[in-house]
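Written below as structure tokens is the structure these notes are about.
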Amino acid sequence: MQTIISQIDYEIRLVRYLLSNRFLRTENGKLVTSRSISDESVGFETEDSLCREWLLSIYNSYHFYSGFETLELCHQYIKSTNYENKLYRIVQFNNQFYAVVYENAQHQQVIGKELSYFTKNNMFLCAKRPPSNLMIKDRNKIPPIPLIYYELHAFDPTLIIYQLHVESNLYMEVPILEAFEYAVLLGISFKDIWYVCDTPHAIAHNRALLNLYFSQGHNLTLFGKYSKAIAINPFQRLVYLQKGRIKHFQMDVENPHSLQRIIPYREVRRLQENMRTRPVHFEDSQQPLKEKHILRQTSKV
């Protein structure tokens with residue numbers, strides 16, 4: 001895999017890109033998003049301060065795993081599966097290739113060289129390879145919020161998506177705007193960040209940050225509170241509980257009116273091997289030096 005750019009260079013590139021596509025804008029030197037994230041319950045924090053904290057947290061929220069070395073090897077894997085080849089797209093990111101299925105919120109797969117992610121029963125699980133008998137439910141696909149694609153684009157502006165051309169049985173490049181949800185799903189499999197939800201301020205503060213990624217009706221930090229969690233990782237659909245316990249929770253991403261649910265205890269051990277095992281770390285985003293770089297770049301663009 002190619003070398004990932006430095007954090008400061010990444011943040012500069014990301015801010016420029018978000019300003020160019022109007023996800024961010026500046027007003028009198030302050031940052032504002034196209035999706036309003038602040039409200040009265042956040043207390044004395046402004047949207048500008050929330051934006052800057054969010055921008056400083058993105059780089060370390062990504063944890064990459066290897067894809068296939070070549071397009072041919074990725075295609076070879078796809079041909080070996082029990083699923084229709086036309087369901088897959090191949091995403092080329094950072095000179096690696098990932099097989100991705102995004103039929104709807106109930107049927108998703110991301111396959112790398114030695115690690116894969118898949119949805120099952122409204123959970124996001126990992127394994128060396130997805131099961132060969134995942135249910136394909138007939139349900140409309142709702143396009144996701146594109147923010148994670150923007151974040152991936154700042155890591156690798158040359159990201160490409162390929163689709164199978166039935167007549168030639170070859171994968172051909174497709175316009176990003178026609179398939180960006182496949183890049184979003186790949187990014188979700190990389191994204192691993194915890195949001196504290198054990199105090200009223202943390203609930204309101206982190207709810208504002210999560211409004212950038214999810215429909216506001218999900219109320220993820222409030223769900224964490226009522227689950228007696230210390231923190232929540234909505235991208236991996238995990239909660240961090242007392243005594244260091246981690247559990248999956250079920251979430252219908254496309255339906256904010258559907259209640260989230262922690263899985264019953266009897267299922268916890270059965271799914272233990274399908275959970276990310278990285279150490280839990282709550283980021284301290286107060287980094288004044290890097291904030292100066294962001295301030296300088298936003299004033300230039």
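The values are calculated or read from the model by the stated rules, or taken from the named source; none is laboratory data. Keep in mind the model is a prediction, meaning the values are calculated, not measured. In this analysis, Cβ positions are derived from the backbone assuming ideal geometry, glycine residues included, and neighbour counts consider all displayed protein chains. Heads up: the accessible areas ignore ligands, DNA and RNA and are worked out on the full protein's heavy atoms, side chains in. Shrake-Rupley method; radii C 1.70, N 1.55, O 1.52, S 1.80 Å.
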>> I'd like to verify a number: residues in the stretch 189-206 that are open to solvent by 40 Å² or more (accessible area, probe 1.4 Å) and in contact (Cβ under 8 Å) with a residue 24 or more places away in the chain, how many?
In response: 3
> Hey, among the residues in the stretch 261-281 that are farther than 13 Å from Val239 by Cα and in contact with a His (Cβ under 9 Å, 6 or more places away or on another chain), which one's surrounded by the fewest Cβ atoms within 10 Å (Cβ to Cβ)?
Replying inline: Arg278
> Within the stretch 65-74, is there a residue that is within 27 Å of Asn206 (Cβ to Cβ) and not in a strand (DSSP E or B)?
Replying inline: yes
> What tally of residues in the stretch 145-179 results from selecting those that are among the small types (Gly, Ala, Ser) and outside any helix (DSSP H, G or I)?
Replying inline: 2
> Across the stretch 115-171, which residue is modelled with the lowest pLDDT among those that are among the small types (Gly, Ala, Ser) and surrounded by fewer than 17 Cβ atoms within 10 Å (Cβ to Cβ)?
Replying inline: Ser168
> Just a yes or no: is a residue in the stretch 242-249 assigned to a loop (DSSP other than H, G, I, E, B), over 23 Å from Val184 (Cβ atoms) and either open to solvent by 10 Å² or more (accessible area, probe 1.4 Å) or touching a helix residue (DSSP H, G or I) at 6+ places or on another chain (Cβ under 8 Å) (or both)?
Replying inline: yes
> So is Tyr182 over 22 Å from Asp9 (Cα atoms), in contact (Cβ under 8 Å) with a residue 40 or more places away in the chain, touching a strand residue (DSSP E or B) at 6+ places or on another chain (Cβ under 9 Å) and assigned to a strand (DSSP E or B) or not?
Replying inline: no
>> Given the options Arg16, Arg22, Arg89, name the one that is basic (Lys, Arg) and assigned to a helix (DSSP H, G or I).
In response: Arg16
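Residue-wise test of (1) under 25 Å from Asn104 (Cα atoms); (2) under 14 Å from the mean Cα position of the chain (by Cα).
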{"residue": "Gly187", "(1), (2)": "yes, yes"}
{"residue": "Ile193", "(1), (2)": "yes, yes"}
{"residue": "Cys197", "(1), (2)": "no, no"}
{"residue": "Asn206", "(1), (2)": "no, no"}
{"residue": "Thr221", "(1), (2)": "yes, no"}
{"residue": "Arg237", "(1), (2)": "yes, yes"}
{"residue": "Arg245", "(1), (2)": "no, no"}
>> Going through Tyr98, Tyr59 one at a time, which residue ends up being open to solvent by 10 Å² or more (accessible area, probe 1.4 Å), at pLDDT 95 or above and either closer than 30 Å to Tyr195 by Cβ or within 17 Å of the chain's Cα centre (by Cα) (or both)?
In response: Tyr59
